[in-house]
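S.K.: Sharing a structure, written as structure tokens. Questions coming.
The values are calculated or read from the model by the stated rules, or taken from the named source; none is laboratory data. All figures in this text were calculated on a predicted structure; none of them were measured in a lab. Here the Cβ positions follow ideal geometry from the backbone for every residue, glycine too, while neighbour counts run over all protein chains shown. Surface areas here come from the heavy atoms of the whole protein model, side chains and all, with no ligands, DNA or RNA. Shrake-Rupley method; radii C 1.70, N 1.55, O 1.52, S 1.80 Å.
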Amino acid sequence: MASFQSNPGLDLSFRTARRYLVLNLPRWATDCLKRADVALAASVRPLALWEKQKGGMRLVALDAAAESARLTPGQNLSDARALVPNLEVREIDRAYIEQVFADFADWHSNASPIVAVMTDVTAFGDLVLDITGVQHLFGGEDKLLRMLVGRLRALGFSVSGAIADTVGAAWALAHFAPGIIAADQLETVLAELPVVALRLDPSQVAGLNQMGLKRIGQLYGRDRKGLHARFGASLLLRLDQALGRIEERITPRIPIAEYHAERRFPEPIGFMDDVLMTTRDLAIQLALRLEAEGLGAQSFHLFLYRVDHKVMTLSVNSARATRDANHIAQLFIHRSERLEGEYDAGFGIDMIRLAASSVSPVESAQIGAFEIRDGAADIERLYDRMTSRLGPFALLRSKFINTHIPEQAVKLEPAVARTEDDPAAAPPPGLVRPLRLFPTPEPINVIAEVPHGPPMRMIWRRVAYKVQKATGPERIEAEWWRSGKRLALLPRHPQPEQVDAASPQLPGIELFQPTSTVRDYYVIEDEGGRRFWVFRVGLYGAEATPRWFLHGLFA
């Protein structure tokens, strides 16, 4: 690998202090297939992948042997077979290759917590790591780069890498001049690279070559307005990003956790008991750091880095922010019980990282996980244990919604992810509601003594009931702010206020129109003492005939 020394005479006062490492795997498509297929890896035949393009089958990926046979991407498949009779061909599965590469990128978070896939040119093949502040953990940038490149080559991948102050410069070097470039040598080194190193479109590269502008250095000092008019704003953007004049941000594959603890092993481990013992030690380290800053966390994530470039993730949640190491470790023990046969350490785990998210202040006087002394400590711990064993949606709680509509008066939410209650949503103490409320009101046939009176006889599910007692009515009219909207049992995405009136109607549920829809609810009791909650939609004398529904049972 080339290593470029600094030039103290060059002024780069605009430069930032960040450092980026880019790994280029030009033959990823064929290399990953060989890793997955032992027979394919043992074969000495050249390998090429093809796909249908412009009505023909054309090559899109080649291994080293196929490239040595002078095959090129874009070549017709029949021509390639004529040139190389023993060519091994497969149709490319882009979705599979991209997903495997994304998982492969996650594995590199054991070197830096900020890892992203660069999709500017292709959807796979390029990784970028923000190594700012982590170089010293590996003995410097040179050792870090050699370690990352060396372990990939040991796995059978074709790879090159580079480190620079900008993402664009690191990408250009990784593709055309692998090595490490110092901050004050950036402009000089980029000047010698071809313009395609700026990640330009093929049409832009062809146009620049026609003008004789074949190297990046030839763009320095050129009229920017002329370049913009001829090649568009993207050319200047890529040039400025490579030189550090405009910041280029990357989107990490794994969300950044500011608070984490990790442990690397000289020899890989594999048993779950060893993983849980390490997790307890990491929980103690993480708890000490959170305590020093007066913080706690509600979500904890355990990353298990396998030696075969795969990452396993376990996550748990707490009902309240905590930094109790014993409680955190116990949650992961319960979570591991749900894995059953899913746990697979592969060839071993060489690193474990425990990260905390959803961080919030916790009083320093806290002794245990939930020392609030309000009587809810045991309940909260029970919630945590149950959800870690059964899943976050196995334990739900009812939450009141500020509405008069019975179907929407309550919604369900996970107990460990509860939101703040609205005091105005609590129902009045004397409000009469059935023990069981039907999700969808069921139509009934009713005979009433007077048009607007309670029913005297009801037929529900082909069974007749004679009414002995009735109380009511309780009138519920339409909420004017929900005019013309459908009703739903639980709010979904989009929310009921956003649902178009032309959307499919739920069976048995009417549009609530302030001028025409009125519900009159009655509590009725039959001869056997059974109590029902029924309502009439509409008023007699209106254009539409009123209809009756059964909405709930009291006992």
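S.K.: Looking at the range 26-79 from every direction and averaging, what is the projected area of its Cα convex hull in nm²?
M.R.: It is 3.8 nm².
S.K.: So if each residue of separation counts as 0.36 nm, and I subtract the Cα-Cα distance between Asn402 and Arg389, what length gain in nm does that give?
M.R.: Stretched fully, the Asn402-Arg389 segment lengthens by 1.4 nm.
S.K.: Find which of Ala102, Gly453, Ala182 sits farthest along the positive direction of the dipole of the chain, computed with +1 on the beta-carbon of Lys and Arg, -1 on that of Asp and Glu, about the Cα centre.
M.R.: Highest projection toward the positive end goes to Gly453.
S.K.: While we're looking at this one, here's another question. Arg81 versus Asp93, label points 7 Å from Cα toward the beta carbon: distance in nm?
M.R.: Those two pseudo-labels are separated by 2.2 nm.
S.K.: Sticking with this structure for a sec: For the chain, what is the relative contact order in percent, using Cα pairs closer than 8 Å and at least 6 residues apart in sequence?
M.R.: Normalised by residue count, the contact order of the chain is 10 percent.
S.K.: May I pose another question? Highest mean first, how do 171-178, 29-36 rank when packing is the count of other Cβ atoms within 10 Å averaged over residues?
M.R.: 171-178, 29-36
S.K.: Still on this model: Ranking request for peptides 18-26, 210-218: highest mean number of other beta-carbon atoms within 10 Å first, then the rest in descending order.
M.R.: 18-26, 210-218
S.K.: Continuing with the same structure: With r as the distance between the Cβ atoms of Glu527 and Ile476 and R0 = 30 Å, compute the FRET efficiency 1/(1 + (r/R0)^6) and round to 0.05.
M.R.: 0.60
S.K.: Follow-up. Pull out the extension gain between Asp421 and Asn209, defined as 0.36 nm times the separation in residues minus the alpha carbon to alpha carbon distance; nm, one decimal.
M.R.: 69.8 nm
S.K.: Please report, to one decimal in angstroms, the Kirkwood hydrodynamic radius of the range 255-314 built from all distinct Cα-Cα pairs.
M.R.: Computed over the range 255-314, the radius equals 12.9 Å.
S.K.: With all protein chains present, how much of the accessible area of the range 122-252 (probe radius 1.4 Å) comes from carbon and sulfur, to the nearest whole percent?
M.R.: Carbon and sulfur: 53 percent of the exposed surface of the range 122-252.
S.K.: Give the calculated FRET efficiency between Ala191 and His228 to the nearest 0.05, with a Förster radius of 22 Å applied to their Cβ-Cβ distance.
M.R.: Calculated value: 0.60.
S.K.: Only helical DSSP H runs with n ≥ 4 go in: add -39500 (n - 2.57) per run for the chain, normalise by residue count and round the 222 nm mean residue ellipticity to 500 deg cm²/dmol.
M.R.: My calculation for the chain gives -8000 deg cm²/dmol from helical runs alone.
S.K.: Excluding same-chain residues fewer than 8 positions from Lys399, which aspartates and glutamates have a Cα within less than 14 Å of its Cα?
M.R.: Partners within reach: Glu407, Glu413, Glu420, Asp421, Asp422.
S.K.: I'd like to know which of Val410, Ser160, Gly529 lies farthest towards the positive end of the charge dipole of the chain, counting +1 on Cβ of Lys and Arg and -1 on Cβ of Asp and Glu.
M.R.: The Cα lying farthest towards the positive end belongs to Gly529.
S.K.: Please name which of Ala478, Gly221, Ser318 has its Cα lying farthest along the dipole of the chain towards the positive end, using unit charges on Cβ (Lys, Arg +1; Asp, Glu -1) and the Cα centre as origin.
M.R.: The one lying farthest along the dipole's positive direction is Ala478.
S.K.: Under 19 Å Cα-Cα from Lys34, which lysines qualify once same-chain neighbours fewer than 8 residues away are excluded?
M.R.: Lys310
S.K.: Also: Measure nothing but the geometry: give the 0 to 90° angle between the long axis through the Cα atoms of 272-292 and the longest principal axis through the Cα atoms of the chain, rounded to 10°.
M.R.: Taking the Cα atoms of the chain, the angle to 272-292 is about 80 degrees.
S.K.: Over the chain, what per residue volume does the convex hull of the Cα atoms give, in whole Å³?
M.R.: Convex hull volume per residue, Cα atoms: 270 Å³.
S.K.: Normalised by the residues of the range 79-223, what does the relative contact order come to in percent, with Cα pairs under 8 Å and at least six apart?
M.R.: Relative contact order here is 12 percent.
S.K.: If a/c stays under 1.5 just call it rounded; otherwise compare a/b with b/c (prolate if a/b is bigger, oblate if not). Do that for the range 98-210, with a ≥ b ≥ c from the square roots of the Cα gyration tensor eigenvalues.
M.R.: Oblate.
S.K.: Quick check for you: with a 1.4 Å probe and neighbouring chains kept, what is the accessible area per residue of the chain, in Å²?
M.R.: Accessible area per residue, the chain: 52 Å².
S.K.: Rank-order 303-314, 41-52 by packing density, defined as the average count of other C-beta atoms within 10 Å over each peptide's residues, highest first.
M.R.: 303-314, 41-52
S.K.: A further question on this structure: State the Cα centre-to-centre distance between the range 14-79 and the range 409-439 in whole Å.
M.R.: 58 Å
S.K.: What size of dipole, in debye to the nearest 20, comes out for the chain about its Cα centre when the only charges are +1 on Lys and Arg C-beta atoms and -1 on Asp and Glu C-beta atoms?
M.R.: 1140 debye
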